[in-house]
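Inspection log for the structure reproduced underneath, given as structure tokens.
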Amino acid sequence: MSMGLRIKTLRKQAKLTQKQVADQLGMGSSNFGHIENDRVIPSSSDLQKIADILHTTADYLLGRAVEKNRPYYELNDKDERDIAEELNRLMSDLESDSSLAFMGEPMDEEDRELLRISLENTLRMSKEMAKKKFTPKKFRD
């Protein structure tokens, strides 16, 4: 299946018109029609925008992935920013030597980095678990 046909199929499944998708992309509907008919290959940024609009991945549109939908619990850009902000806040709260100590000994840089990595992984896992648990069924795949 060609990229244009994948885009067209997903667009129709989402009950969107060419004009609606083109408007979201900031291009004319005829330009988007050329993409669907495989006359024009979209730029990488437009391809990513199309994938986001159609709730899929660029790899699926390019034919590199079999799975068309990303999991509903996959972290998005906002989630990544939230995790980074929370991680920075946690690490700044722990900056004093008295806070970062093990058995009375201050932590060195290597231990601080390991703690940062552990906290980041924990934040990621908890965000995904919360999305799995609290996403309403109508918004799941």
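The values are calculated or read from the model by the stated rules, or taken from the named source; none is laboratory data. Here the structure is a predicted model, which is why all the values come from computation and not from measurement. When we count neighbours, we look across all protein chains shown, and the Cβ atoms used for this are built from the backbone with ideal geometry, even at glycine.
Miscellaneous remarks
- Considering the stretch 1-43, the residues that are polar (S, T, N, Q) and assigned to a helix (DSSP H, G or I) include one that is farthest from residue 78 (Cα to Cα), namely 30.
- Selection from the stretch 67-96 of residues that are of a type in the set (A, V, I, L, M, F, W, C), touching a Leu at 6+ places or on another chain (Cβ under 9 Å) and either part of a loop (DSSP other than H, G, I, E, B) or at pLDDT below 70 (or both): 94
- Any chance residue 46 is surrounded by 14 or more Cβ atoms within 10 Å (Cβ to Cβ), in a helix (DSSP H, G or I) and at pLDDT below 90: no
- Only residues that are under 14 Å from residue 9 (Cα atoms), of a type outside the set (Val, Ile, Thr) and buried (at least 16 other Cβ atoms within 10 Å of the Cβ) were counted in the stretch 49-60, giving 3.
- Condition check for residue 28 on (1) out of contact with any strand residue (DSSP E or B) (no Cβ under 8 Å at 6 or more places or on another chain); (2) at pLDDT below 85; (3) farther than 30 Å from residue 133 by Cβ: one failure, at (2).
- In the stretch 30-54, the residues that are in contact with a Ser or Thr (Cβ under 8 Å, 6 or more places away or on another chain) and either among the polar types (S, T, N, Q) or in contact (Cβ under 8 Å) with a residue 40 or more places away in the chain (or both): none
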